[in-house]
Amino acid sequence: MELTFSTHGRSCDLALHPVSEKTVRTINQYGSDVYSMKPMDWWRKGNTTTWGMRIDNECVIQVSLDDKKCEFDRNLITATPVKIRRRMYLDSKAKYLCVLGYDNEMCKFSWKWDNIEEFDPSKFEFMVHQWDRIMGEDNYFILDEVRYDGQFANKHDWCEASGFTLVPPKVIDLEEVRQELSQGSLEHKGEPFPSPKVLAGTV
């Protein structure tokens with residue numbers, strides 16, 4: 001039998017880039033116009049990127065076995081998210097990060113496994129990233145990958161895409177984040193990352 005796990009909602013293609021003070025001044029001056037200042041899709045080349053499906057109230061999730069709908073608790077998806085993807089930058093000399101990309105393209109993702117004898121929801125494994133503090137929203141979950149019984153899907157489809165709009169570049173002051181963490185603040189509790197101060201010399 002064929003097991004299908006499908007989601008329909010808003011997909012994300014987001015990247016974190018370490019940026020210099022000069023680049024922060026450029027972002028403060030030009031905002032979203034910075035996307036057009038380099039070759040197309042340059043913003044996708046960050047070392048910390050995520051591409052997947054937003055798991056929010058608008059996301060429709062369905063599990064079926066040979067087209068017969070199965071009961072599934074969607075809370076299993078976000079039970080154990082990956083929370084700390086920015087450590088590589090916190091432990092570096094970087095002063096600022098910039099968030100670039102989009103998170104609003106309506107589309108459908110599906111994962112399919114062949115030769116499944118019976119459905120057991122406990123055999124699902126979900127790679128989910130939690131970007132609450134990065135994006136400034138509570139429960140900001142992105143589903144990246146799904147495995148069943150330790151196996152990646154035989155088929156992974158992405159379809160019905162309807163276009164997207166790029167998010168305004170968001171700058172994160174890492175010095176403020178490091179200070180916050182040194183005082184014992186939890187990484188995914190409290191207020192979002194502080195907004196960057198307008199740097200001296202901005203025109």
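Summarising the amide proton neighbourhood of Tyr140: residues at separation of 5 or more, or on other chains, whose placed amide H is nearer than 5 Å comprise Trp131, Asp132. To the nearest 10 square angstrom, how much accessible area does Lys69 have with a 1.4 angstrom probe? My reading of the accessible area for Lys69 is about 150 Å². Rolling a 1.4 Å probe over the heavy atoms of the protein chains gives the stretch 3-183 an accessible area of 53 Å² per residue.
A convex hull fitted around the alpha carbon atoms of the stretch 3-183 yields 135 Å³ per residue.
3J(HN,Hα) along the stretch 157-162, derived from phi through the Karplus expression 6.51 cos²θ - 1.76 cosθ + 1.60 where θ = phi - 60°, amounts to 10, 10, 8, 6, 5, 10 Hz, with x in place of Gly and Pro.
Glu58 exposes around 110 Å² of accessible area when a 1.4 Å probe is run over every protein chain in place. Expressed as a whole percent, the accessible area of the stretch 3-183 that falls on carbon and sulfur atoms is 45 (1.4 Å probe).
Largest first, how would Met1, Met135 line up by accessible area (1.4 Å probe)?
From most accessible down to least: Met1, Met135.
Computed over protein heavy atoms with a 1.4 angstrom probe, the accessible surface ordering of Trp51, Trp111, largest first, is Trp51, Trp111. Our coupling estimate for the stretch 127-137, obtained by passing each phi through the Karplus curve with A = 6.51, B = -1.76, C = 1.60 and θ = phi - 60°, is 8, 10, 9, 10, 10, 3, 5, 5, 9, x, 9 Hz, Gly and Pro reported as x. Rolled with a 1.4 Å probe across the full set of protein chains, the surface gives Cys70 an accessible area near 30 Å².
The values are calculated or read from the model by the stated rules, or taken from the named source; none is laboratory data. Since this is a predicted model, take the numbers as computed values, not measurements. Surface accessibility is based on the protein's heavy atoms, side chains included, excluding ligands, DNA and RNA. Shrake-Rupley method; radii C 1.70, N 1.55, O 1.52, S 1.80 Å.
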